[in-house]
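J.: One structure, pasted below without further comment.
What follows is calculated from the coordinates using simple rules that are stated; it is not laboratory data. Predicted model only: the values in this text are computed from it and were never measured. When we count neighbours, we look across all protein chains shown, and the Cβ atoms used for this are built from the backbone with ideal geometry, even at glycine.
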Amino acid sequence: MSSPRAAYPQFPAPADPGPDGPWQHLHRRSIVTECFGGPDGSMRVVGLLLDDLSLPGSTYAGKHVPAGGNMHTMRVTMDVDSTLIIRSIRVEMQNTPGEPCVQIEDAYQALVGLSVARGFNRAALERIGSFRGCAHVTTLIQQMAPAVIQGVMTMIGDRPMTQGELKSLPNPCHIFRPEGRIYQDLEAKIAGNP
């Protein structure tokens, strides 16, 4: 199966030679996440993970993957309410190394009810990490959570942020740490003390 995103630009091979000659392109992983806002503040988040191989190979199930072929195409659709709680999730393993991979799709229902805000990655791994899930789907879901926060920020737009929205930020980086200047400035602005 060829990849639906094969048209993505390729990075040039590293200019410096490897220990025994030039570097050879082996693999490309692409993760794309898109967020769609609902009128009630809910969000539908769709993630796609693609693994494309530059060299031919075979999978554990004996499936042949030609050079330029796709090893993984995995799609996750997650509905998140306005409080950032996952209300539904659907995993679709559209292309896998073998049929046994798809047996784990329903395991991700364990994430329904979790908040994608603070502590999401840890809580998600407790439910679907290791042998309870698929490493590739889990990676995709972990990349989708920060995209939800970007979606929230996009929905807020130019209007003032509420205290609840500020508190729900999952400490994504040093900018939004509660003791930091940016966070404290936002708190003061929300309180009416710009």
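J.: For Cα pairs less than 8 Å apart in space and 6+ apart in sequence, what is the mean separation divided by the residue count of the chain, i.e. the relative contact order in percent?
T.: Details: 316 pairs, mean separation 29.8, N = 194.
So the answer I get is 15 percent.
J.: Testing the spin-label approximation: label points 7 Å from Cα along Cα→Cβ at Phe11 and Ser82. State their distance in nm.
T.: With each label placed 7 Å out from Cα toward Cβ, I get 4.1 nm.
J.: Which FRET efficiency value, to the nearest 0.05, is calculated for Ile156 and Gln103 with the Förster distance at 45 angstrom and r the Cβ-Cβ distance? Present the calculation step by step, with values, prior to reporting the outcome.
T.: Values: r = 40 Å, r/R0 = 0.89.
Efficiency for this residue pair is about 0.65.
J.: Hey, what did the stretch 53-147 get for relative contact order, percent, Cα under 8 Å, at least 6 apart?
T.: Numbers: 145 pairs, mean separation 19.9, N = 95.
It rounds to 21 percent for the stretch 53-147.
J.: Mind checking which helices in the chain clear 30 Å along their axis (Cα) and have mean Kyte-Doolittle hydropathy of 1.0 or more, DSSP H runs only?
T.: Numbers: long enough: 135-156 (33 Å, 1.05).
Correct list, ordered by number: 135-156.
J.: Taking only Cα atoms and a 10 Å spring cutoff, compute GNM fluctuations for the chain and point out the largest among Pro146, Pro14, Pro56.
T.: Pro14
J.: Residue separation times 0.36 nm, minus the C-alpha to C-alpha distance between Gln163 and Arg177: what's the value?
T.: On the way: separation 14, 0.36 × 14 = 5.04 nm, distance 1.46 nm.
Result for the pair: 3.6 nm of gain on full extension.
J.: Please give the net charge around Asp81, taking every other residue with its beta carbon less than 14 angstrom from that of Asp81, where Lys and Arg add +1 and Asp and Glu add -1.
T.: Local charge sum for Asp81: -1.
J.: I would also like to ask the following. For the stretch 51-194, what log10 I(q)/I(0) values come out of the Debye formula at q = 0.11, 0.14 1/Å, with one point per alpha carbon and no solvent?
T.: For the stretch 51-194 at q = 0.11, 0.14 Å⁻¹, log10 I(q)/I(0) is -0.54, -0.76.
J.: Could you check the spin-label model distance between Asp185 and Ala67? Points 7 Å from the Cα along Cα→Cβ, value in nm.
T.: 5.3 nm
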